[in-house]
Amino acid sequence: MDLSVFITTIGMERLQKRINDLMTERPEVITAITIAREFGDLSENAEYKAARERQRAIDSEIDYLRRRSAQLKVIDPSGFPKDVVRFGSSCRASDLDTAEETTFKVVGAAELNFYEDEHDLQVVSVVSPIGKGLLGKKPQEIAKISAPMGERRLKILEIL
């Protein structure tokens, strides 16, 4: 099963919000292009070039997010039991080598960028080494993670 096509309901809401934010910003950029065009010679007009570049970036991101959102399958994890770590669930785990405790949230790969404001939460993709290692683990079980930095052992303390 291709887990990369799944997204949580919160992730889809944040993705749609990003599209709306870009759609709101787009008219402002078009206005900036119009104003910059009035400055004259477009070949040496830095404001015009910057505004056109920003418009291209906005249009590209909107196009990408719309196409990607059409491919995703929304999963609402709110009704899932909290007996094991599943897609969309959060868990508190302790690194057995460093004794550092971290709260992880396992989400779809498409929604990772939409959790930047979560400072006390480490968001991991369901297809990442940590995400794969955590899936299916119960409290007090140890997830062995093979990552490029080396092997990590995370003990699941609690499923939130």
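Within region 133-143, is even one residue among the basic types (Lys, Arg) and outside any loop (DSSP other than H, G, I, E, B)?
no
Condition (residue is modelled with pLDDT under 95 and within 11 Å of Gly11 (Cβ to Cβ)) applied to region 88-103: is it met by at least one residue?
Within region 88-103, one or more residues are modelled with pLDDT under 95 and within 11 Å of Gly11 (Cβ to Cβ).
Restricting attention to region 109-160, which residues are surrounded by 16 or more Cβ atoms within 10 Å (Cβ to Cβ), more than 21 Å from Thr9 (Cβ to Cβ) and in contact with a strand residue (DSSP E or B) (Cβ under 7 Å, 6 or more places away or on another chain)?
Within region 109-160, Pro129, Ile130, Gly133, Lys137, Pro139, Ala143, Ile145, Arg152, Leu154, Lys155, Ile156 qualify.
The values are calculated or read from the model by the stated rules, or taken from the named source; none is laboratory data. Quick caveat: nothing in here was measured; it's all calculated off a predicted structure. All Cβ positions, even for glycine, are placed from backbone atoms using ideal geometry, and neighbour counts span all protein chains on display.
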